[in-house]
Amino acid sequence: MSHCQSLRIALYRVFVRPALLNPTIPCLLPSSAYQSYSNSTLQRPPVEPSTQNSTSSNEPPKKRSYKDRAADKEAARSPFATERITPVPNIKGAPRRPPQDHQIRSEYIDFIDREGVFNGHVLRNDVLKLLDPRTEHLVQVDFPDPDDPRAVPRCKIVTKAYMRETERTKKEMDKERLKVERSGKIVELNWAIAPADLEMKFNKAVSFLEEGRKVDIMIAPKKRKRVATKDEMDELLKKMLETVESVEGVTQIARTDGKVGGTMTFFFEKKKKP
């Protein structure tokens, strides 16, 4: 009997008592108690900082698939979409574009259709429904009179191909104009120049100024040629100034360099219209 009691005490000390003193041993707890205990008290292993939120902060956003982009475009073409027409982007430094499509704020507009027929005071949204958003824009071509409360903007349908061609032509013209303005010309004269040669040189100078070019007129003596008298020099300067001043908007942009009888240079440019 004493042997059994000693065995029971030994088993209690080895298995039961440690479990009561240290309840973190899961095998000695009931399954339900262990489940609730693990959910409330046991800590999860720490996550490495390198893997935590690394995908959302470091990795670039994934590119959308072709099917997703095609679905968005198809939805934009739907007649039930409120903003189904893609707005034209504003490019920094570019001239301001006239209002187009949903950028036109007026509810009613005067409308010129594809055949050039004028339709007065129609709903803007009704006209937008007539457009093919892939190839056409509704463009405001005239602004209403601010003093007339009943006035509405005038708009017309313009194809995107026509707008691109117009924009390309305008850019080429602006580029050519800047090229012309930046390229100055030098017209050379001599103090004893013949009247026929002088007229030809003056015509060139006038032509360059009217094109918007900067023109430098340089007058110098010519070697092994007759030396002009003072009266001839004064007359040449007078004719030169009269010819240049005949071009509207031309001004002398710098002080004259040189002296009479030697090498003199005059600097002219036509003012740009505001």
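Taken together, the values in this text are just the output of simple stated rules run on the coordinates, not laboratory data. Predicted model only: the values in this text are computed from it and were never measured. In this analysis, Cβ positions are derived from the backbone assuming ideal geometry, glycine residues included, and neighbour counts consider all displayed protein chains.
Miscellaneous remarks
- Charge dipole (debye, nearest 20) of the stretch 96-179; +1 at Cβ of Lys and Arg, -1 at Cβ of Asp and Glu: 560 debye
- Cut-off 12 Å between beta-carbons: net charge of the residues surrounding residue 165, Lys and Arg +1, Asp and Glu -1: +3
- Kirkwood Rh (inverse of mean 1/r, distinct Cα pairs), the stretch 96-179, angstrom: 14.0 Å
- Calculated SAXS-style log₁₀ I(q)/I(0) at q = 0.15, 0.20, 0.22, 0.35 Å⁻¹ - the stretch 226-267, Debye, Cα scatterers: -0.42, -0.71, -0.82, -1.21
- Cα extents for the stretch 185-249 along the principal axes, largest to smallest and rounded to whole angstrom: 35, 20, 18.
- Each peptide in 158-171, 206-219 receives the mean, over its residues, of other Cβ atoms within 10 Å, and ordering these scores from highest gives 206-219, 158-171.
- Hz values of 3J(HN,Hα) by residue in the stretch 98-106 - Karplus curve (6.51, -1.76, 1.60), Gly and Pro given as x: x, x, 9, 6, 6, 6, 6, 7, 6
- For the residue pairs 201/222; 129/160; 175/201; 185/225, the alpha carbons lie more than 22 Å apart in 175/201; 185/225.
- Full extension of the segment from residue 134 to residue 173, taken as 0.36 nm per residue of separation minus the current Cα-Cα distance, would add 11.3 nm.
- From most to least packed by mean Cβ count within 10 Å, the peptides 142-155, 258-271 give 258-271, 142-155.
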